[in-house]
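Heads up: the structure comes next, in structure tokens.
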Amino acid sequence: MANSPAPARTGPRKRWGLWALAIIALAVGGTALAFRSEINGYGSIASAYSARVGCSCRYVAGRSLEDCAKDKLAGMELVTLVDDDETRSVTARFPLVASATATYREGYGCVLEPWEG
């Protein structure tokens with residue numbers, strides 16, 4: 001008899017992998033739920049800080065936003081920056097948690113929105 005390929009093993013191993021993924025997803029979700037206050041606080045602070053520093057870098061120092069992104073502190077890799085030349089503002093976003101916008105105002109520099117002044 002010729003060598004025939006072994007049948008593919010997809011039964012129990014495939015189910016075990018799906019269960020493992022489900023358990024990991026529950027663990028990550030539970031951890032996020034347990035630390036939601038800390039995550040929200042970190043996200044709010046990180047986005048506000050990044051918006052203010054990014055705006056100053058972009059509209060006070062005159063650097064490109066790509067160059068300004070190099071100035072992020074360690075631990076802020078998840079924060080993204082988007083600038084709007086028309087309004088002279090920079091918006092920073094921490095995914096699924098928070099965003100903040102800082103706008104350049106003549107005589108004041110970059111201020112976080114909303115701003116009453």
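The values are calculated or read from the model by the stated rules, or taken from the named source; none is laboratory data. From a predicted model like this one, the values you see are computed outputs, not experimental measurements. Neighbour counts are summed over all protein chains in view; Cβ atoms, including those assigned to glycine, are modelled from backbone coordinates with ideal geometry.
Tabulated values for the structure
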{"quantity": "In the stretch 66-105, the residues that are of a type in the set (Lys, Arg), in a strand (DSSP E or B) and over 13 Å from the mean Cα position of the chain (by Cα)", "calculated": "Arg105"}
{"quantity": "Residue match in the stretch 19-42 (condition: of a type in the set (Ser, Thr, Tyr) and either modelled with pLDDT of 95 or more or loosely packed, with under 10 Cβ neighbours inside 10 Å (or both))", "calculated": "yes"}
{"quantity": "Unmet criterion (only one of (1) on the phi > 0 side of the Ramachandran plot; (2) in contact with a Gly (Cβ under 6 Å, 6 or more places away or on another chain)) for Gly62", "calculated": "(2)"}
{"quantity": "Test set (1) out of contact with any Phe, Trp or Tyr (no Cβ under 8 Å at 6 or more places or on another chain); (2) over 18 Å from Ser99 (Cβ atoms) - Tyr59 fails condition number", "calculated": "(1)"}
{"quantity": "Count - residues of the stretch 11-62 that are in a helix (DSSP H, G or I) and closer than 27 Å to Tyr104 by Cβ", "calculated": "20"}
